[in-house]
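The values are calculated or read from the model by the stated rules, or taken from the named source; none is laboratory data. The model shown is predicted, which means the values in this text are computed figures rather than measured ones. Note: ideal-geometry Cβ built from the backbone for every residue, glycine included; neighbour counts use all protein chains shown. Remember, those area values only see protein heavy atoms, side chains included, never the ligands or the DNA or RNA. Shrake-Rupley method; radii C 1.70, N 1.55, O 1.52, S 1.80 Å.
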Amino acid sequence: MFAKMAFAWRWFATALSFFVFGLGGIIIPIIVVPILACMPGNALAREARGQKFIHFSFATFIQLMRVMGVLTYEVHGMKQLREAELVLANHPTLLDVVFLIALIPNANCVVKGALTRNPFMRGAIRAAGYTINNGPADEVIVDAQKVFHKGQVMIVFPEGTRSVPGQPNKLKRGAANIAVRADVDITPVIISCEPISLTKQHKWYHIPSRKMHFTITANSKIDIQNFKQETSSIIGARTLTEYLTTYFHTEVGVSDSVTK
């Protein structure tokens, strides 16, 4: 009986959490974005305010879910996150980007162009000046270089979409191209969720048997200088992608074996 009541509460709390998230996605473009635009300062200052606001909003959302008993979490390697320039993370769940932005106050991230048409996301994207992946790869790399020059942290999911549990990561070459051509080291982040939930195969209402526990681990930086010594940036990016594929497959495999 108690287990059924606990499950019912988590279903309700999860529904309420995502309702609040959706409500925020409507309020931000209607109220917050105009207020931020009217505040003094140049475009960079407005962008920084937008990023901090989204950071605070996402951190509040995570705490709401924690307080209501939907999830618990632990973070390892905050020092590495504070020193990061380019964060590459695996992407097992719907909440991965929410966690990372909640942990990094000056986060920028590469988002799909389709998300700019999502009424629940476009307000946050506009307010924070996130990088839109809606054209040639070279444009994204140029935009990423601008992000680093502003002193912001770029978040990229090299898989491009949520991974499939139990299957090897398939990394795209865009993240490696950014690292090699912008000449920035990589801070790898490993995210795990137990029990597995909020994947591509799980809707928000597919509530697991117990509350979700997230582990976010930022590891030591990956020095890209060896990859820049290749005969060309194309070969360097290809070699780095192969290295990252092996790296994430190994790290995620270790993480999965620990949580099972």
| Quick one: length gained pulling C38 to L64 fully straight, 0.36 nm per residue minus the C-alpha distance? | 6.4 nm
| task | Using the Kyte-Doolittle scale, find the helices of the chain whose mean hydropathy is at least 0.5 and whose Cα atoms extend 24 Å or more along the helix's long axis, counting only whole DSSP H runs. | result | 2-27
| message | Given R₀ = 22 Å, what would the calculated FRET efficiency be for E83 paired with Q145, taking r from the Cβ atoms and rounding to 0.05? | response | 0.70
| field | Protein accessible area in region 1-259, 1.4 Å probe - carbon and sulfur % | value | 61
| task | May I ask for the net charge around A6, where only other residues with Cβ less than 14 Å from the Cβ of A6 are counted and Lys, Arg are +1 while Asp, Glu are -1? | result | +4
| remark: Given 184-195, 69-80, the highest-first ranking by average Cβ count within 10 Å works out to 184-195, 69-80
| query | What net charge do the residues around A45 carry, taking every other residue with its C-beta under 12 Å from that of A45, with Lys and Arg at +1 and Asp and Glu at -1? | reply | +3
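Mind ranking 109-115, 81-87 by how tightly packed they are, going by the mean number of other C-beta atoms within 10 angstrom, highest first?
81-87, 109-115
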| message | Run the reach check for K4 against lysines, Cα to Cα strictly under 25 Å, same-chain hits fewer than 8 apart removed. What comes back? | response | K203, K211, K260
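Taking a quarter of the surface of the convex hull around the Cα atoms of region 1-98, what do you get in nm²?
8.4
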| request: Would you mind putting 30-38, 56-64 in packing order, based on average other-beta-carbon counts within 10 Å, highest first? | output: 56-64, 30-38
| said: As a test of reading the structure, rank W9, W204 by solvent-accessible area (1.4 Å probe, protein chains only), most first. | reply: W9, W204
